[in-house]
Amino acid sequence: MRFRQEYISSHLAAPGMVLGAPTTGGAMAFSLPPGHALTEDNVLQLERHKLEFIVISVPDSRTEDQVADDRAQTSDRLRTTFAGANLSDPYIASLFEQVLEFRST
(Lines give C-alpha, C1' and ligand atoms only; values in the text may rest on other atoms or scores of the structure.)
Protein backbone atom coordinates (compact mmCIF):
# COMPACT_ATOMS: atom_id res chain seq x y z
CA MET A 1 0.00 0.00 0.00
CA ARG A 2 1.18 3.50 -0.84
CA PHE A 3 1.22 6.29 1.76
CA ARG A 4 1.35 10.05 1.53
CA GLN A 5 2.33 12.72 3.99
CA GLU A 6 -0.22 15.12 5.38
CA TYR A 7 0.44 18.19 7.51
CA ILE A 8 -2.05 18.59 10.34
CA SER A 9 -2.43 20.87 13.33
CA SER A 10 -0.88 19.18 16.35
CA HIS A 11 -4.23 19.79 18.09
CA LEU A 12 -5.69 17.13 15.78
CA ALA A 13 -3.06 14.54 16.75
CA ALA A 14 -4.46 11.29 18.11
CA PRO A 15 -2.99 8.07 19.43
CA GLY A 16 -2.29 5.61 16.62
CA MET A 17 -1.42 8.23 13.99
CA VAL A 18 1.90 7.44 12.32
CA LEU A 19 4.44 10.22 11.88
CA GLY A 20 5.54 10.87 8.31
CA ALA A 21 8.53 13.04 9.27
CA PRO A 22 10.67 13.60 12.35
CA THR A 23 8.95 15.69 14.98
CA THR A 24 11.12 17.86 17.20
CA GLY A 25 10.60 20.97 19.23
CA GLY A 26 10.25 22.74 22.49
CA ALA A 27 12.86 24.28 24.75
CA MET A 28 13.64 20.83 26.12
CA ALA A 29 14.81 18.06 23.81
CA PHE A 30 11.77 16.40 22.25
CA SER A 31 12.10 14.16 19.25
CA LEU A 32 10.01 11.45 17.62
CA PRO A 33 11.17 9.59 14.48
CA PRO A 34 9.23 9.10 11.25
CA GLY A 35 7.19 5.90 11.32
CA HIS A 36 6.49 6.28 15.04
CA ALA A 37 2.88 5.55 16.03
CA LEU A 38 1.73 8.24 18.45
CA THR A 39 0.75 7.20 21.95
CA GLU A 40 -1.46 9.09 24.38
CA ASP A 41 1.71 10.31 26.15
CA ASN A 42 3.13 11.56 22.82
CA VAL A 43 -0.02 13.58 22.15
CA LEU A 44 0.36 15.19 25.58
CA GLN A 45 4.03 15.93 24.78
CA LEU A 46 2.99 17.67 21.55
CA GLU A 47 0.60 19.86 23.53
CA ARG A 48 3.16 20.57 26.26
CA HIS A 49 5.82 21.59 23.73
CA LYS A 50 3.30 23.76 21.85
CA LEU A 51 4.09 22.34 18.41
CA GLU A 52 1.94 23.96 15.73
CA PHE A 53 1.80 21.07 13.26
CA ILE A 54 3.02 17.55 12.63
CA VAL A 55 3.42 15.42 9.52
CA ILE A 56 1.52 12.16 9.52
CA SER A 57 1.57 9.26 7.10
CA VAL A 58 -1.85 8.31 5.73
CA PRO A 59 -2.90 5.60 3.26
CA ASP A 60 -3.07 6.87 -0.32
CA SER A 61 -5.98 5.21 -2.10
CA ARG A 62 -5.47 7.08 -5.39
CA THR A 63 -4.78 5.05 -8.53
CA GLU A 64 -1.52 5.55 -10.44
CA ASP A 65 -3.49 7.52 -13.05
CA GLN A 66 -4.95 9.79 -10.36
CA VAL A 67 -1.47 10.36 -8.89
CA ALA A 68 -0.14 11.27 -12.35
CA ASP A 69 -3.11 13.61 -13.00
CA ASP A 70 -2.68 15.30 -9.62
CA ARG A 71 1.04 15.78 -10.25
CA ALA A 72 0.37 17.27 -13.71
CA GLN A 73 -2.19 19.71 -12.28
CA THR A 74 0.22 20.69 -9.51
CA SER A 75 2.98 21.19 -12.06
CA ASP A 76 0.73 23.44 -14.16
CA ARG A 77 -0.17 25.57 -11.12
CA LEU A 78 3.50 25.86 -10.12
CA ARG A 79 4.53 26.85 -13.64
CA THR A 80 2.06 29.75 -13.33
CA THR A 81 3.58 30.69 -9.98
CA PHE A 82 7.12 30.41 -11.40
CA ALA A 83 6.17 32.13 -14.69
CA GLY A 84 8.63 34.97 -14.20
CA ALA A 85 11.41 32.75 -12.89
CA ASN A 86 14.36 31.49 -14.91
CA LEU A 87 13.89 27.71 -14.68
CA SER A 88 17.19 27.19 -16.56
CA ASP A 89 18.96 28.49 -13.42
CA PRO A 90 19.90 25.34 -11.49
CA TYR A 91 18.94 26.86 -8.13
CA ILE A 92 15.51 27.96 -9.35
CA ALA A 93 14.97 24.64 -11.12
CA SER A 94 15.90 22.81 -7.92
CA LEU A 95 13.48 24.94 -5.92
CA PHE A 96 10.74 24.26 -8.47
CA GLU A 97 11.34 20.49 -8.27
CA GLN A 98 11.38 20.53 -4.47
CA VAL A 99 8.12 22.48 -4.29
CA LEU A 100 6.59 20.17 -6.90
CA GLU A 101 7.64 17.10 -4.89
CA PHE A 102 6.31 18.63 -1.67
CA ARG A 103 2.98 19.56 -3.26
CA SER A 104 2.64 16.19 -5.02
CA THR A 105 2.88 13.95 -1.98
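The values are calculated or read from the model by the stated rules, or taken from the named source; none is laboratory data. Because the structure is predicted, anything quoted here is derived from the model rather than measured. Here Cβ is always computed from backbone atoms with ideal geometry, including for glycine, and neighbour counts include all displayed protein chains.
Details
- Put simply, of Thr63, Thr74, Thr81 the only residue that is of a type outside the set (Asp, Glu) and surrounded by 14 or more Cβ atoms within 10 Å (Cβ to Cβ) is Thr74.
- Taking the criterion of being in contact (Cβ under 8 Å) with a residue 24 or more places away in the chain, out of contact with any strand residue (DSSP E or B) (no Cβ under 8 Å at 6 or more places or on another chain) and aliphatic (A, V, I, L, M), the residues of region 10-44 that qualify are Ala14, Val43.
- Top-ranked residue in region 11-28 [being at pLDDT 95 or above and not in a loop (DSSP other than H, G, I, E, B); ranked as surrounded by the most Cβ atoms within 10 Å (Cβ to Cβ)]: Leu19
- Restricted to region 46-59, and to residues there that are surrounded by 11 or more Cβ atoms within 10 Å (Cβ to Cβ) and in contact with a Ser or Thr (Cβ under 9 Å, 6 or more places away or on another chain), the residue that is nearest to Phe102 (Cα to Cα) is Val55.
- If only residues of region 29-48 that are assigned to a loop (DSSP other than H, G, I, E, B) and aliphatic (A, V, I, L, M) are counted, the one that is farthest from Ser104 (Cα to Cα) is Ala29.
- Any hit, region 88-101, residues being in a loop (DSSP other than H, G, I, E, B) and small (Gly, Ala, Ser): yes
- Looking only at region 54-105, residues that are without any contact (Cβ under 8 Å) to a residue 12 or more places away in the chain and among the aromatic types (Phe, Trp, Tyr) come to 2 in all.
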